[in-house]
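Before any comments, here is the structure.
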Amino acid sequence: MAAFQDTCEQTEQKVMVHLLSEIERNPSFTQRGLAGELNIALGLMNQYLKRCVTKGWVRASQVSPRRITYFLTPEGFIEKSHMVKDYLARSMTFFRDARAQCEEAFEHCKAQGWLKIALVGEGDLADIAKLVASGSDFTIDVVSTKADLKKYDAVIITDVMNPQGTYDAIKHKVEYHRLLTLNLLHISKGLS
């Protein structure tokens, strides 16, 4: 749950940084265009903008009945710089922790003679795991929970959005000692 919470907060912060950057760069952007660019709903984009205006980070000015331009306030510039700094620090911490834990998992696999590894879950964590394993003798596949996991020597969960759900979905498909989890995902491996 903690990994999911961090991811939600990071995603929201990423959207806010992108929004404030776009307002700074192009005050005449369209909410619809930016929502599409960030792959979020138009209503959610509208909520983010309203929050920015309420907090005093952005000022809105109606140019015509159907057109509004937005301006970053001095407080908005300050907040954007704090968000960027915090986002980068959290990203670097996540990368360092993920890399170290992936290295440990691969060392364990190597010690066991396990070379064919499945990563269950796409995204940043799977990318970091593939990076850590590059140049080694491992064969790495990123797969879904529906994959035939018995053909792999070991399975590592790399789903940061729903790690516990992924674990629960596959725990009966893989021998307990061959199903590896990373501490940063906070997966409860209760035996059942």
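Of note:
- Close Cβ contacts (under 8 Å, 6 or more residues apart or on different chains) running from residues in the stretch 98-127 that are assigned to a strand (DSSP E or B) to residues that are aromatic (Phe, Trp, Tyr) comprise LYS116/PHE138; LYS116/TYR152; ILE117/PHE106; ILE117/PHE138; ILE117/TYR152; ALA118/TYR152.
- Some residue of the stretch 89-105 being of a type in the set (Phe, Trp, Tyr), touching an Asp or Glu at 6+ places or on another chain (Cβ under 7 Å) and open to solvent by 20 Å² or more (accessible area, probe 1.4 Å): no
- Of all residues making up the stretch 8-33, the number that are among the hydrophobic types (A, V, I, L, M, F, W, C) and either open to solvent by 70 Å² or more (accessible area, probe 1.4 Å) or touching a Gly at 6+ places or on another chain (Cβ under 8 Å) (or both): 2
- The criterion of at least 3 residues that are in contact (Cβ under 8 Å) with a residue 60 or more places away in the chain and not assigned by the TED database to the domain that holds ASP124 is met, among helices (runs of 4 or more DSSP H) falling completely within the stretch 1-95, by 2-25.
- Filtered residue count, the stretch 50-74, keeping only those that are surrounded by 14 or more Cβ atoms within 10 Å (Cβ to Cβ) and more than 14 Å from GLN13 (Cβ to Cβ): 9
The values are calculated or read from the model by the stated rules, or taken from the named source; none is laboratory data. Since the structure is predicted, the reported quantities are computational estimates derived from the model, not experimental observations. Backbone-built Cβ (ideal geometry, glycine too); neighbour counts: all protein chains shown. These accessible areas exclude ligands, DNA and RNA; they are computed on the full protein's heavy atoms, side chains included. Shrake-Rupley method; radii C 1.70, N 1.55, O 1.52, S 1.80 Å.
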